[in-house]
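**Student:** Take this structure first; my questions come after.
Bear in mind these aren't lab numbers, they're just calculated from the coordinates by the rules spelled out. Keep in mind it's a predicted model, so treat the numbers as computed, not measured. Quick reminder, even Gly has a Cβ in these numbers, built from the backbone with ideal geometry, and neighbours come from all protein chains shown.
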């Protein structure tokens, strides 16, 4: 290989490395606009607790609620753009009008996979009254092919399966650990934000508390 060609390839590889590091940095430091919901108790809220590292797809520490000031009762969910199974863009606001349980997952995340049968049962049991919206964190370690292969192998046929192809949801919500579940009322207000696994009974409990707020 000629010396000039080697220099050009070295420059290309170096630039690629810088772009990759920049993307990782931005992902690591992106803010979470719903953090107050996750961190405190707030008026009318039940106590939130730290998720164990084994319950999430991240080993990053999670702050406990005890040292945090009271959180606001609700926060508006940003109108996020994701994609359906046909690659068509979908706005999360499409699902307003009924309570929504928004779950963010990936096929490489063990805790995500562990809780998905519970969410499927919820979808089958209360899906007419509550939108169970599953959003795959597509990109990075996850590909559409991997997620679809997992769903097919486990026969997980959700009514609403969406894909965060552009990382719009992950970026705007500052999601750093999964599974993450967000409880939204019919008007698009977030009441609860949880990182870590949930059973279907826990989801039902939170939905009941949300009705009382």
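**Student:** Which residue pairs have Cβ atoms under 9 Å apart, sit 6 or more places apart or on different chains, and have a first residue in the range 188-209 that is without any contact (Cβ under 8 Å) to a residue 12 or more places away in the chain and a second that is not in a loop (DSSP other than H, G, I, E, B)?
**Tutor:** If the second residue must be not in a loop (DSSP other than H, G, I, E, B), the pairs left are 201/118; 202/118; 202/194.
**Student:** OK, next. Looking at the range 133-152 only, could you name the residues that are assigned to a strand (DSSP E or B) and crowded, with 22+ Cβ neighbours inside 10 Å?
**Tutor:** Within the range 133-152, 133, 134, 135, 136 meet the criteria.
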